[in-house]
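Below is one structure, written out as structure tokens; the observations come after it.
The values are calculated or read from the model by the stated rules, or taken from the named source; none is laboratory data. What you see is a predicted model; the values in this text were computed from it and never measured. All Cβ positions, glycine included, derive from the backbone under ideal geometry; neighbour counts span all protein chains shown.
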Amino acid sequence: MAFLDIQDIELNFSGIRALDGVSLQAEEGQLVAVIGPNGAGKTSLFNCISGIYQPQKGHIQFAGENLLGQAPHRIAALGVARTFQNLALFDHLTVLENLLLGRHHIYKTSWWQDLFWLESAKKDEIEHREKVEEILEFLDLERYRKMPVGILPYGVLKRIELGRALCMEPKLLLLDEPAAGLNQEATEDMARYLLDVKEELHITQILIEHELRFVMDLADHMTVLEFGRMVTHGLPEEVAAHPEVIRAYTGKGGTDVAATP
Amino acid sequence: MSLPPHDAQTLPACVAFFAEQNPKGVALRQKDRGIWKNISWQEYYDHMAAVGHGLKLLGIESGDHIGILSENCPEWLYADLGGQGIGTRAVGIYQTNPSNDVAYVVEHAGIKVLFVEDQEQCDKALEIVDDIPCLEHIIIFDPRGTRHYDHPKLQHWSSFLDAGMKDYSANKDWFAEEIRTRDPHAPAMVVYTSGTTGRPKGAMLSSHNVLELSKQSTPLLGVEAGDTLLSYLPLCHVAEKIFSLFLPLRVGAIVHFGESIETVREDLREVSPTVFLGVPRIWEKMQASIVLRMQDSSWLKRTLFHFFTRFGQEMQQRKREGKSGLLDRVLWFVGDLLVYRPLQERMGLRRCKIPVSGAAPIAPELLEWFYGVGIPILEGYGQTECSGVSHLNPPGKATLGSVGQVLPGVEFKTAEDGEILVRSSSVFAGYLHDEKATAETVDEDGWLHTGDVGKEDKNGFLFITGRKKEIIITAGGKNISPEHIENILKLSPFIKEAVAIGDRRKFISALIQIDDEAVGDWANRRSIDYTSFEDLSAKEEVVSLIDEEVERLNEKMARVEAVRSFRLFEQPLHQDNGELTATQKVRRKSVEQIHAGLIESMYGGGA
């Protein structure tokens, strides 16, 4: 069985079918892209994996564990981290503090140990700080280390959001449109970082995008969703050559409201 | 730990000396993952030796050339000095160089081993490696992102160093013996001069050249063991070599390497070095950032700042004239508590006892400002061809606007046409593979022709007037130095770069590049919307802002020098199309060619 194995998921909201028979597999260390227009069900799929939504049908297995029915914090503890389309950072905290928060679930010491600043708490804190510094270096964020997040430009925030997720030391990383709203240069940088995550850290990544171009050179394989259904899946070249995808992305051969973002 | 002056004849021998006398003492510090980590003299030496062994294993011999294409880092020094230990000459290459410029240097010097920093630099090297047969090995410091590269000539620094380390532990004496057999008069490094005119030339410097220089200048400046320095300007340039290698290795001072070029400001604050070299652009930026910041501060702070910076400048002026009295001293004390100290801390220069400016002429007004806040910058002067320095302002006795007095051990005179000539044991061994240029630069009697024109005052202080070849002669027959005009224009926080025009013209004009940060900030405050640099430069408000600035600065110039017309560049000047050199100096000729239409428009012709 694949590292992440999603079979035939069906998700309904009082009569609206958000996901209809969606399947997706990712092997360990792979980068898999999920593309599709807005409202195709991409983020719903992520919410199913991370336990926020409970699909009515199908099953989701991750590293041999069944994720269905588990609480979100349990799933996070299993090593599933995600980034959000609309950033989820604390504006008044520094970059460093935001990243440290990403490690909250791995803090071993209890509050009273921290309160008295015991040896164990110190040791724990140093370890966390070291990991955070590693990520700061990995994403070239050193110069922002002590700045409050609120004053930083959007492109940097997207990187910090990725950094916060990496600080959780995840086995599976769910990335919700990490390049949305970035300019050309920042988009290229982001692609570079995602490749580095794959090659250097060997973390399995599922990447949501509505832009085909961004994922073409990144993904090992991809799945295309539309109106909650799978249009196709396969290697990037195969997917890009699929007539339905061409229709949706270039607008050729028909009019489709869903294709315009 | 203070040691008696050593008589090591080469730079690797200096490291060997300290490694023997003070093996655990701190030689270098590097900020790694947020923490400054110490590197001892012994570790410094061991790394250097491992590089020497590693190069030997690759079949590199004395007289071969190696190249280093990297940001400043300890590995830079290990590669350079390890190579010098076995007689190779390291050539530093600017990371900003596009791949064809890298190819030129690699081919011209015949570089056999090229050390590259990271993926970005590695890509450049791989782009050219197949066309340059002499390049046998590429060694990458940080292999991130290159895991799937499988070029046969590429290897990782860690495996290169491991192999060298193994060989070194099998034979501990070989490298030490190699160092001992080095001839201090043989070329030990090649420094390519940026060349505002024509192709870069490779100046060969020997150990003797550079150590003579530090022998003369360390006592003069007062650099001692335990002093701290920050290595941040490009190590390919002789100026940073002086402050990262020549001076520290003479006395055993500690060199710091920050996180990256982008974190210089924070690194500087954390290290708070006692010896600091800035190029004029760095000093300008420091001053501009303080002045801009002050606009946002409270009324009280702003008033104190304006009062005390003005007072500071006036008081320093009186002090130089020997007229300063008790009141001055009391006020200075108050100003120090309220203004100067916080400013110095902000800039990271609180502990700095030797602030130096070099590599390009600095405007006296800027020096006055820094003197006025208690940072007495010493301006120096020299060429790569004389190991970097021939003149220096002595601490406590500086003359503003002058580049200082000639160093002890250096002879100096001005030729009939005013050209500055120097002769010393620091004058270089010649240009690599270019005897013709060498003969044009150093005459039969050993005088180095600097190409600069200058005057000496009665106290022996030298004043530079300009480049011999760049002097503007106006239609009215006046000799004017464009650099002088440009430096005055650059005093404006809104002007980043300026090129003065006027050779055989009726009047002086200038092409100006706005400082996009400062002007952008100015525009934001006035709710002027803009999209790009080009858009910002084209705004009417911006043009009139620069117009006011030019009018204001014209007051500081002689009548014939006044800038009567100007145009703004639509794009920032760039290295890739030849407008700037690798050290970000303006290539006047190419700018004049590229922007000929713009220039003609100021003189009533063309576009």
note = Just one listed residue, out of B:350, B:329, B:318, is of a type in the set (D, E, K, R), away from chain A (no Cβ under 14 Å) and touching a residue at least 40 places away in the same chain (Cβ under 8 Å), and it is B:350
task = Within region B:510-557, work out how many residues are more than 16 Å from residue B:490 (Cβ to Cβ) and touching a strand residue (DSSP E or B) at 6+ places or on another chain (Cβ under 6 Å).
result = 1
key: Lone qualifier among B:167, B:173, B:183 - being of a type outside the set (Lys, Arg) and more than 28 Å from residue B:69 (Cβ to Cβ)   = B:173
ask   = Somewhere in region B:504-513, is a residue more than 24 Å from residue B:210 (Cα to Cα), surrounded by 19 or more Cβ atoms within 10 Å (Cβ to Cβ) and modelled with pLDDT under 90?
value = no
message = Between a residue in region A:178-201 that is under 19 Å from residue A:81 (Cβ atoms) and any residue that is at pLDDT 90 or above and of a type in the set (S, T, N, Q), which pairs come within a Cβ distance under 7 Å, given they are 6 or more apart or on different chains?
response = A:178/A:83; A:179/A:187; A:194/A:205; A:197/A:205; A:198/A:205
inquiry  = Out of B:469, B:436, I need the residue that is surrounded by fewer than 16 Cβ atoms within 10 Å (Cβ to Cβ), farther than 30 Å from residue B:555 by Cβ and out of contact with any helix residue (DSSP H, G or I) (no Cβ under 8 Å at 6 or more places or on another chain). Which one?
reply    = B:436
request  = May I ask you to list the residues in region B:432-484 that are in a loop (DSSP other than H, G, I, E, B), under 24 Å from the mean Cα position of the chain (by Cα) and among the β-branched types (Val, Ile, Thr)?
outcome  = B:471
ask   = How many of the residues making up region A:69-120 are surrounded by 12 or more Cβ atoms within 10 Å (Cβ to Cβ), at pLDDT 90 or above and out of contact with any helix residue (DSSP H, G or I) (no Cβ under 8 Å at 6 or more places or on another chain)?
value = 6
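Each row is one residue, and each column tells you yes or no for (1) part of a helix (DSSP H, G or I); (2) among the charged types (D, E, K, R); (3) over 30 Å from residue B:125 (Cα atoms); (4) more than 14 Å from chain A (Cβ to nearest Cβ).
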position: B:12; (1), (2), (3), (4): yes, no, no, yes
position: B:15; (1), (2), (3), (4): yes, no, yes, yes
position: B:37; (1), (2), (3), (4): no, yes, yes, no
position: B:46; (1), (2), (3), (4): yes, yes, no, yes
position: B:53; (1), (2), (3), (4): yes, no, no, yes
request  = Please find, within region A:3-38, the residue that is modelled with the lowest pLDDT out of those that are surrounded by 16 or more Cβ atoms within 10 Å (Cβ to Cβ) and assigned to a loop (DSSP other than H, G, I, E, B).
outcome  = A:37
Top-ranked residue in region B:114-132 [being away from chain A (no Cβ under 14 Å) and more than 25 Å from the chain's Cα centre (by Cα); ranked as surrounded by the most Cβ atoms within 10 Å (Cβ to Cβ)] = B:129
Positions within region A:188-203 being within 14 Å of residue A:176 (Cα to Cα) and touching a Phe, Trp or Tyr at 6+ places or on another chain (Cβ under 8 Å), in sequence order = A:191
request  = Select, from B:592, B:579, B:570, the only residue that is more than 29 Å from residue B:529 (Cα to Cα), surrounded by 14 or more Cβ atoms within 10 Å (Cβ to Cβ) and of a type in the set (D, E, K, R).
outcome  = B:592
task = From B:170, B:225, grab the single residue that is of a type in the set (A, V, I, L, M, F, W, C) and modelled with pLDDT of 95 or more.
result = B:170
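Which residue is nearest to the other protein chains (Cβ to nearest Cβ), if the candidates are limited to region B:133-162 and must be assigned to a helix (DSSP H, G or I) and either buried (at least 17 other Cβ atoms within 10 Å of the Cβ) or under 32 Å from the mean Cα position of the chain (by Cα) (or both)?
If we take residues in region B:133-162 being assigned to a helix (DSSP H, G or I) and either buried (at least 17 other Cβ atoms within 10 Å of the Cβ) or under 32 Å from the mean Cα position of the chain (by Cα) (or both), then B:158 is nearest to the other protein chains (Cβ to nearest Cβ).
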Residues that are within 14 Å of chain B (Cβ to nearest Cβ), crowded, with 17+ Cβ neighbours inside 10 Å and touching a Gly at 6+ places or on another chain (Cβ under 9 Å), drawn from region A:196-239 = A:198
message = Anything in region B:257-314 that is away from chain A (no Cβ under 14 Å), in contact (Cβ under 8 Å) with a residue 60 or more places away in the chain and small (Gly, Ala, Ser)? List them, or say none.
response = B:272, B:278, B:288, B:312
